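These notes concern the structure reproduced below.
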Amino acid sequence: MLQNSGPGKPPAGKLQNDYSRLAPATGGKTQKSKMGTVAFFVLVFLLWVGLVGGGYFVLQGHLQRSERNFSRQIDTLQAENQRIAAGITEAMELFGQELTASREEMEQIRRELDLIQEEMELTGESITGTDDTRQSLAERITELDQQLAGLKEQLEKLEAAVRAL
């Protein structure tokens with residue numbers, strides 16, 4: 001058996017205490033080091049969450065501003081389209097009125113031609129009759145040709161306006 005006591009020898013319990021004092025105190029430092037590392041990671045995580053959250057809100061604000069800008073542009077374009085549509089409708093109505101007037105003119109010209117033909121039959125002259133008759137008929141035919149050309153131009157404008165719709 002071991003002797004636990006003697007002159008110059010400390011008791012056994014004291015020996016263990018002495019060894020524990022001589023051993024490096026790693027438990028306290030390790031725990032402090034772990035706490036520092038955990039705190040560092042928590043701070044890094046919080047910084048990351050702050051950056052992501054801030055980026056999210058900045059991006060959301062930017063998207064909302066972009067959406068408002070696009071909405072304004074769309075509203076402006078819709079107003080412009082309505083203005084153009086109103087102009088086209090007005091032009092179509094004007095062309096319709098001109099076309100109706102042109103048809104009425106053509107009917108009047110037809111009636112005048114019928115009257116001229118009746119008058120010629122009544123007088124007994126033919127189209128190849130006198131020079132005065134030929135000249136008046138040539139003038140009237142020229143007028144009718146000009147009116148017909150004008151009517152064709154109006155009809156082409158009307159067709160172009162319809163195609164533009």
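Of the residues making up the range 112-124, at least one is in a loop (DSSP other than H, G, I, E, B) and either out of contact with any Gly (no Cβ under 9 Å at 6 or more places or on another chain) or of a type in the set (Lys, Arg) (or both).
Does any residue of the range 89-99 turn out to be surrounded by 10 or more Cβ atoms within 10 Å (Cβ to Cβ), within 27 Å of the chain's Cα centre (by Cα) and without any contact (Cβ under 8 Å) to a residue 40 or more places away in the chain? Yes, the range 89-99 contains a residue that is surrounded by 10 or more Cβ atoms within 10 Å (Cβ to Cβ), within 27 Å of the chain's Cα centre (by Cα) and without any contact (Cβ under 8 Å) to a residue 40 or more places away in the chain. Filter the range 126-162 down to residues that are more than 20 Å from Glu112 (Cα to Cα) and surrounded by 14 or more Cβ atoms within 10 Å (Cβ to Cβ) and give me whichever is modelled with the lowest pLDDT. Here the residue is Ala161.
The values are calculated or read from the model by the stated rules, or taken from the named source; none is laboratory data. Being a predicted model, the structure only gives us computed values, none of them experimental. Cβ coordinates were reconstructed from backbone atoms using ideal geometry, including for glycine residues, and neighbour counts include every protein chain displayed.
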